[in-house]
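Colleague: Just dropping this structure here.
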Amino acid sequence: MLEIRQLHKSYPIGDSSLHVLKGIDLSVEEGEMVAIMGSSGSGKSTLLNIIGMLDEADEGEYILDGLAIKNLTEKKAAVYRNKFLGFIFQSFNLINYKNALENVALPLYYQGMKRKERQELAMFHLEKVGLANWAQHLPKELSGGQNQRVAIARALAANPKLLLADEPTGALDTQTSHEIMAFIQQLNDEGKTILMVTHEEDIANMCKRIVRLRDGVIIEDTKVTQVRAEQYV
Amino acid sequence: MFKFLIDRDTWQEVFDSFSKNKLRSILTMVGVWWGILLLIGLLGSARGLENAFNRLFGDFATNSIFVMGNTTSMPFKGFQEGKRVQLTLTDIKKVEENVEGIEFVVPRNITQSLVVRNFLSGRFSIMGDYPILDKVKKKKLIHGRFINQNDISDRKKVAVISDDIYKQLFQKEEDAIGTYIQINSINYKVIGVYQTGTMNFGPSEDVHIPFSTFQQVYNKGEKIGFLMITGKPEYDIQQIEEDSKLLLKNLNNIHPKDSQAFRSFNLGKEFAKLTGFLTGMQFLTWFVGIATLIAGVFAIGNILLITVKERTKEIGIRRALGATPFEIKRQIVVEAVFLTLVAGLFGIITGGWILIILDHFFGQGAEATLVNASVSIAVVFIALIILVVLGTLIGLIPAFKATSIKPIEALREE
Ligand SMILES: Nc1ncnc2c1ncn2[C@@H]1O[C@H](COP(=O)(O)OP(=O)(O)O)[C@@H](O)[C@H]1O
Ligand SMILES: [Mg+2]
């Protein structure tokens, strides 16, 4: 599914620069559910953003589904993000003046799907996350957990192959976190490849593989037995 | 692109973004609206003023002079100063033949007389005129006709009167044509009634009789009261005035430097001053109007700039979901165009109202300050298009900025 070799990334800070990723090698197969762990500032988000084509690496190779991601035009990158990738953010990143249904339908709009079709599909995904009755509500009228479920529905709407989640439970309480994780696990069961950044051990253990970052390199990469989230719900 | 414009979603997006940014949208629209409103108000008033002036001068050939004999102030060729200057028909012919650029020279005579009709009477100015007067000083006839060549040849006892006299000597609605009035106990048949102009230069004029009749009745011989000269449009009317006066001085043994020998009034010169004033005012109007428009455009641009800065995160989200930079810019352009267009059209409508109101208060009656205060539709639409285009271009600058950074940087913006 994806292949990363000797990936480097630095941020310029004043005259000097901060070397955040110092040669990452990572390969993820289809259907995997990977947790990227590490202390705060270790470069987890940076790595995920590069994988999600929201950011660019300075050096190294990145091959996504057979395509080398390098110097893509922004138009091409947009198409890839739309068809291939689904994002779930810690802060949900919903558009605050659009209701739940419209938010979920937005990626489909950029796919050029017809309005009616789009709304039906968006509704289908909202039902899937259990929010059919909240379709007409604005983000500010929904709880954190509900908003994250809207965000998940949105990420799923375009039926992406790879789901990228940056601390999806970071803003939620334990109970809600587990509900969200149960969803994500279910998606993985259905075959979605999932890459998730977290710094919580119990959340990481709900994935099937844990990659640990420290000082910009991978220090550990192990398969784990998945802890099912349903049991806590 | 056309499909995009008729797409309901496009307008849903526009509408959503308005309802989210109400205050800002309204401020932008007020900027454009005010610009167009001011432009229309100013241009319309300037045009109205210009029309008012034109109406005021409309009856006169604007490149004309009138000259009247006075008394000399310098001795010359054995003549003492203080000599009365009496112009004659010979002078007229000479001026007509010798001064370059002359279109018409019109001799006139004037006297004051008692005019009687039935039991009504009054003292009025009686003018002896040629038909050609009409070319120099348009008579707006309400009834009948002006003096013609026949009247001159046959020395007919006919009179053309102003509506002022008509009001004094006739009953309301009474038909004056064909009736007789007595001037110095001589009967004249009324052949025309004309509307008194709003502006008059020179002596007041009430009753016009044929020049030849005047000559005979008042025993004038070759003498004339004063003359009016009009120049051809391509000639300098001031030069014509100087040349004519010099010639007349020569013919009448007057010192060439004698400045009091003639009384004269150069309408062309006065009119040029007013025209200059009007041109200046028009220039000022345009200057203010364009400055307003530019200010309006900057207002829009500024507001759009803030809008896009605040919307950077939203743009980041949209890009993460797969919006191409083109799609984002297109949306912003549609918003900007729609915003300025609606505001501009509203400005045009309210500007029209302003002109209607101005017309109501200042545009009524014969002596209105503003006549037909209006602006050409073309000018208004060009202004509107300029606003829309500039507003869009300025709006695009921040849109370009928001799409040229990496999506993650846009997303990080709070
Ligand atoms: N745009 C940026 N400019 C400068 N430094 C940055 C930027 N983004 C992240 N960093 C720095 O890079 C390091 C890694 O950041 P990040 O990948 O967000 O860490 P994590 O997600 O693991 O907490 C941090 O020290 C952070 O301060
Ligand atoms: Mg992070």
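The numbers here are math on the coordinates, done by the rules we state, and not lab data. Everything quoted here is computed from the prediction, not taken from an experiment. Don't worry about glycine lacking a Cβ; one is built from the backbone with ideal geometry, like all the others, and counts go over all protein chains shown.
Colleague: At A:Lys223 and A:Leu138, where each label point lies 7 Å from the Cα along Cα→Cβ, what is the point-to-point distance in nanometres?
Modeller: In this crude label model, A:Lys223 to A:Leu138 measures out at 4.9 nm.
Colleague: Between B:Lys138, B:Lys77, B:Lys401, where does the largest GNM mean-square fluctuation fall for chain B, given springs only between Cα atoms within less than 10 Å?
Modeller: The residue with the greatest mean-square fluctuation here is B:Lys77.
Colleague: What is the Cα centroid distance between segment A:1-33 and segment B:327-367, reported in whole angstrom?
Modeller: Comparing the Cα centres of segment A:1-33 and segment B:327-367, I get a distance of 56 Å.
Colleague: No solvent, one uniform scatterer per C-alpha: report log10 I(q)/I(0) for segment A:39-142 via the Debye equation at q = 0.11, 0.17, 0.18 1/Å, two decimals.
Modeller: Log10 of I(q)/I(0), two decimals: -0.45, -0.92, -0.98.
Colleague: Next question, about the same structure. Who wins for biggest fluctuation among A:Gly130, A:Gly52, A:Gly66 in a Gaussian network model of chain A, springs between alpha carbons below 10 Å?
Modeller: Maximum fluctuation in the GNM of chain A, among the listed residues, is at A:Gly66.
Colleague: DSSP loop GluC sites (Glu not before Pro) in segment A:161-216 with at most 13 other Cβ atoms within 10 Å of their Cβ, which ones? Intermediate results must be reported in sequence, preceding the final value.
Modeller: Working: sites: A:Glu179, A:Glu190, A:Glu200, A:Glu201; in loops: A:Glu190, A:Glu200.
Hits after loop and neighbour filter: A:Glu190.
Colleague: Can you tell me the convex hull volume per residue for the protein assembly as shown, based on C-alpha atoms, in Å³ to the nearest whole number?
Modeller: Working: hull volume 155.2 nm³, N = 647.
Per-residue hull volume (Cα only) is 240 Å³.
Colleague: Turning to a different aspect of this structure: For segment A:58-121 and segment B:1-58, what is the centre-to-centre distance using only Cα atoms, to the nearest Å?
Modeller: 37
Colleague: Out of segment B:102-141, which chymotrypsin sites (Phe, Trp or Tyr not before Pro) are coil in DSSP terms and have no more than 11 other C-beta atoms within 10 Å? Each step should come with its number before you reach the end.
Modeller: Working: sites: B:Phe104, B:Phe119, B:Phe124; in loops: B:Phe119.
Filter output for segment B:102-141: B:Phe119.
Colleague: Kindly give Rg over Rh for segment A:106-233, based on alpha-carbon atoms, with the Kirkwood expression for the hydrodynamic radius.
Modeller: Values: Rg = 15.8 Å, Rh = 15.8 Å.
That ratio equals 1.00.
Colleague: Follow-up. Please give the direction-averaged projected area of the C-alpha convex hull for segment B:104-228, in square nanometres with one decimal. Each step should come with its number before you reach the end.
Modeller: On the way: hull surface 28.3 nm².
Over every viewing direction, the Cα hull of segment B:104-228 projects on average to 7.1 nm².
Colleague: Loop only by DSSP, 11 or fewer other Cβ within 10 Å of the Cβ. Give me the trypsin sites (Lys or Arg not before Pro) in segment B:221-282 that pass, ordered by residue number. Before the final figure, lay out the partial values.
Modeller: Values: sites: B:Lys223, B:Lys245, B:Lys249, B:Lys257, B:Arg263, B:Lys269, B:Lys273; in loops: B:Lys257.
Hits after loop and neighbour filter: B:Lys257.
Colleague: What is the helix-to-structure angle for B:237-251, meaning the angle in degrees between its Cα long axis and the longest Cα principal axis of chain B, kept from 0 to 90 and rounded to the nearest 10?
Modeller: 10
Colleague: For the cross-link pairs A:Lys208/B:Lys313; B:Lys94/B:Lys138; A:Lys116/A:Lys208; A:Lys114/A:Lys161; A:Lys44/B:Lys401; B:Lys189/B:Lys232, which exceed 29 Å when the distance is taken from alpha carbon to alpha carbon?
Modeller: Pairs exceeding 29 Å: A:Lys208/B:Lys313; A:Lys116/A:Lys208; B:Lys189/B:Lys232.
Colleague: May I pose another question? Among DSSP beta bridges whose residues both lie in segment B:104-228, state the antiparallel percentage, nearest 5. Could you put the intermediate results ahead of the total?
Modeller: Working: 24 of 33 bridges.
Taking every DSSP beta bridge with both residues in segment B:104-228, the antiparallel ones total about 75 percent.
Colleague: If the convex hull of the alpha-carbon atoms of chain B is projected onto planes in all directions, what is the mean projected area in square nanometres?
Modeller: Working: hull surface 120.0 nm².
About 30.0 nm², averaged over all directions.
Colleague: Continuing with the same structure: Where the centre of each part is set by its Cα atoms, how far does segment B:113-132 sit from segment B:205-242, in angstrom?
Modeller: When both Cα centres are located, 18 Å separates them.
Colleague: Would you look at the GNM of chain A, springs on alpha carbons closer than 10 Å, and say which of A:Ser27, A:Ser17, A:Ser39 moves the most?
Modeller: Highest fluctuation among the options: A:Ser17.
Colleague: What number, rounded to the nearest 500 deg cm²/dmol, is the helix-based mean residue ellipticity at 222 nm of chain B, given -39500 (n - 2.57) per DSSP H run of at least four residues and division by all its residues?
Modeller: Values: 14 runs with 227 residues, N = 414.
When only DSSP H runs of four or more count, the value is -18000 deg cm²/dmol.
Colleague: Still on this model: Magnitude of the Cβ-charge dipole of the protein assembly as shown, K/R +1 and D/E -1, about the Cα centre, nearest 20 debye?
Modeller: With only Lys, Arg, Asp and Glu charged at Cβ, the dipole is about 2380 debye.
Colleague: Where does each of B:127-133, B:208-214, B:180-186 land if you order them by average Cβ count within 10 Å, highest first?
Modeller: Details: B:127-133: 21.7, B:208-214: 24.4, B:180-186: 15.0.
Order by mean packing, descending: B:208-214, B:127-133, B:180-186.
Colleague: Along the charge dipole of chain B, Cβ charges K/R +1 and D/E -1, which of B:Ala402, B:Phe362, B:Leu248 sits furthest on the positive end?
Modeller: Going by the Cα projections, it comes out as B:Ala402.
Colleague: Follow-up question, since we're still on this one. What ranking do B:Ser113, B:Ser404 get, fewest neighbouring Cβ atoms within 10 angstrom at the top? Before the final figure, lay out each step's value.
Modeller: On the way: B:Ser113 19, B:Ser404 11.
Ordered from fewest to most neighbouring Cβ atoms within 10 Å, B:Ser113, B:Ser404 come out as B:Ser404, B:Ser113.
Colleague: Determine the percent antiparallel among the DSSP beta bridges restricted to the protein assembly as shown, to the nearest 5.
Modeller: Numbers: 64 of 90 bridges.
Here the antiparallel bridges make up roughly 70 percent for the protein assembly as shown.
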